[in-house]
1. Enumerate the lysines that residue 55 could reach by cross-link, defined here as Cα to Cα under 24 Å, with residues fewer than 8 away along the same chain left out.
2. Against the longest alpha carbon principal axis of the chain, how many degrees, from 0 to 90 and to the nearest 10, is the axis of helix 130-146 turned?
3. Keeping every protein chain present and rolling a 1.4 Å probe, give me the accessible area per residue for the chain in Å².
4. Give, in nm to one decimal, the length gained when the segment between residue 176 and residue 46 is fully stretched (0.36 nm per residue of separation minus the Cα-Cα distance).
5. Among the lysines, which fall within straight-line cross-link reach of residue 172, defined as a Cα-Cα distance under 26 Å, with same-chain neighbours fewer than 8 residues apart omitted?
6. Using only Cα atoms, tell me the angle between helix 60-70 and the longest principal axis of the chain; keep it within 0 to 90° and round to the nearest 10.
7. For the stretch 30-177, with all protein chains present and a 1.4 Å probe, just round the carbon and sulfur fraction of the accessible area to a whole percent.
8. Report the local net charge at residue 152: Lys and Arg +1, Asp and Glu -1, summed over other residues whose C-beta lies under 10 Å from its C-beta.
Amino acid sequence: MYGQTHAGLGWAIGMLPPTSDRRLRAWCTIAAVVPDYDAGAMLFGMDAYVRLHHKPGHNVYFGLLFLLAAYPFFHGRPLKQRWTAIVLISLALASHLLTDMKLSGWEVYLFWPFSERGYGFQPILALGHPINLWLAGVFMTLPWLLALWKPVTPLELVSPRLDRIFLNAFRKKSLACSTCGTSCNNRCDTCERPACMKHGRLDWKFRIACPACASP
Ligand SMILES: [Zn+2]
Ligand SMILES: [Zn+2]
Ligand SMILES: [Zn+2]
């Protein structure tokens, strides 16, 4: 599968629990794509790429190290949430290895560096197989459809404020801009007065400022 397909699947996994939040969704999304870091071997030439393909990132030991790195971020949570995080991040990692074993034209070296044996579900389909295009379409669409279930999209990984502005664009405009009275649904992040898209100024952190708060 392509990187964006893995990412969409990881996001969907992070959305599953009722306690799903940005941190969990981010870790699940990263877990679903991180094994591909070994494709970076390409920087050292085609030889290195072929020799290391599906090795340093695509094995269970790297997966365990990744879980260890993720754990402190969930340590302070109630036991059930902590376990949910561990299970879902593991699932996201496994989703990458298992789908690669069928859909990426190459065996996966699950126990590298201790074993050079490759694993795969034969017949392994090439990355160029039409099913990979189809899956990319499905898993790049899915996160946006899931927003109908829980009001959040992958834009929150960039900025939760950006995501809120995006989602508000589809929502009812039940406020009136404090400057011009036009109906709107965003508020100034400083004074909380409603601001329409014309009068609310956005800064690079996606914070909205009404004209009064924008001019010092
Ligand atoms: Zn991969
Ligand atoms: Zn206005
Ligand atoms: Zn303001």
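The values are calculated or read from the model by the stated rules, or taken from the named source; none is laboratory data. Model, not experiment: these values are computed from the prediction. No Cβ is skipped: glycine too gets one built from the backbone with ideal geometry, and neighbour counts run over all protein chains shown. Heads up: the accessible areas ignore ligands, DNA and RNA and are worked out on the full protein's heavy atoms, side chains in. Shrake-Rupley method; radii C 1.70, N 1.55, O 1.52, S 1.80 Å.
1. Reachable lysines: 102.
2. The two axes meet at around 30 degrees.
3. On the way: 12130 Å² over 216 residues.
Here the residues of the chain average 56 Å² of exposed surface.
4. Details: separation 130, 0.36 × 130 = 46.80 nm, distance 5.93 nm.
Working it through step by step, the gained length comes to 40.9 nm.
5. The qualifying lysines are 150, 198, 205.
6. Once rounded, the angle reads 30 degrees.
7. On the way: 6290 of 8560 Å².
With neighbouring chains kept in place, the figure for the stretch 30-177 is 74 percent.
8. Details: positive: 22, 25, 150, 164; negative: 21, 156, 163.
After counting each charged neighbour, the total is +1.
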